[in-house]
């Protein structure tokens, strides 16, 4: 069967793009796993913090806010807190500027998160703009929108071959095949491999592992209203989640594309860094997992047609920003593919364009 658009990858990038381009023509999305958002998208810390990331990411994230707020119960107040030892003041002050934190007395910070250790925490700051994202709700919203415009979403469809045809592309997977005029590469950690299958030069994406542990909430405390807590330079973070706490060492260890799992030693080091700042020891890990956050060489997402092949579209390198930038990014995808004037400033569009790699 021939489609106008074929998307490889059913994470937040692929499914949001499907929702936005399906009105422009027949759309097929292929996801290798049993369900959408199995890999990095399904293992996200799920925050909307629009000032987090490089300028193009911030622009996409800020542009997504109005849409997010139009979906009931998608966002929930969380807030952010930054803490540091006295010898970490330089890193603390750098984070203040980068993420628009406001310094607060340590006593106030302890009043908000009572398990903070005032003997260690010597600097603290707050930011009110961080909000939880209901990631499953957002994925399902985009999926319903895509299907409502006639898109086909096929899971268990790991692409095995791609070849150029006179009219576009032929894509095969076990049990199926299809042709499309435009191929959209939204394959997450596998984007360079998909490009190679299509005969397109890889751009040098690097998947970076990030591990997480779920630990019990401290006895006698309601953690539901606590903000997300960061160490300086984001060398660890903690986030309340359904009565428990998620703690991550926030590592960025290069990895080959795979179904990632947590590194026990790295996780232990991250838990120890967190534990230093609190009075409640970590006595048990309920669960652990990892995801791959994939970045281009300049750590800016890549959104646009391949310069040498105008029927191959890159939608890649979202890193840890895929959910919070998804509305702005997918609208830009539809504008570029549909040939309309982008709503983003020209400088931002250029910064995202794969042509920047020359």
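For the range 268-287, a residue qualifies if it is surrounded by 16 or more Cβ atoms within 10 Å (Cβ to Cβ) and not in a helix (DSSP H, G or I), and the qualifying residues are 277, 278, 280, 282, 285.
For the structure I just gave you, tell me whether residue 139 is under 24 Å from the mean Cα position of the chain (by Cα), assigned by TED's automatic domain parsing to the domain that holds residue 12, part of a helix (DSSP H, G or I) and surrounded by 17 or more Cβ atoms within 10 Å (Cβ to Cβ). Criteria met by residue 139. Of everything listed in (1) in contact with a helix residue (DSSP H, G or I) (Cβ under 8 Å, 6 or more places away or on another chain); (2) in a loop (DSSP other than H, G, I, E, B); (3) not assigned by TED's automatic domain parsing to the domain that holds residue 95, the single unmet condition for residue 320 is (1). Restricting the range 331-349 to residues that are under 21 Å from the mean Cα position of the chain (by Cα) and assigned to a helix (DSSP H, G or I) leaves a set whose member that is farthest from residue 14 (Cα to Cα) is 348.
Criterion applied to 28, 62 was being touching a residue at least 24 places away in the same chain (Cβ under 8 Å) and touching a strand residue (DSSP E or B) at 6+ places or on another chain (Cβ under 6 Å), and the one residue passing it is 28. Within the range 193-213, the set of residues being in a helix (DSSP H, G or I) and surrounded by fewer than 21 Cβ atoms within 10 Å (Cβ to Cβ) comprises 193, 196, 197. Checked against (1) in a loop (DSSP other than H, G, I, E, B); (2) surrounded by fewer than 22 Cβ atoms within 10 Å (Cβ to Cβ); (3) within 18 Å of the chain's Cα centre (by Cα), residue 34 passes all but a single condition, namely (3).
Residues checked against (1) at pLDDT below 95; (2) out of contact with any helix residue (DSSP H, G or I) (no Cβ under 8 Å at 6 or more places or on another chain); (3) farther than 24 Å from residue 219 by Cβ:
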site: 95; (1), (2), (3): yes, no, yes
site: 104; (1), (2), (3): no, yes, yes
site: 114; (1), (2), (3): no, yes, no
site: 119; (1), (2), (3): no, yes, no
site: 128; (1), (2), (3): yes, yes, yes
site: 133; (1), (2), (3): no, no, yes
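Quick one: in the range 307-330, which of the residues that are over 17 Å from residue 51 (Cα atoms) and surrounded by 21 or more Cβ atoms within 10 Å (Cβ to Cβ) is nearest to the chain's Cα centre (by Cα)? Going through the qualifying residues, I end up with 317.
Inside the range 233-267, residues that are crowded, with 22+ Cβ neighbours inside 10 Å, at pLDDT 90 or above and outside any strand (DSSP E or B) make up a count of 3.
The values are calculated or read from the model by the stated rules, or taken from the named source; none is laboratory data. Predicted model only: the values in this text are computed from it and were never measured. Cβ atoms come from the backbone with ideal geometry, glycine included; neighbour counts cover every protein chain shown.
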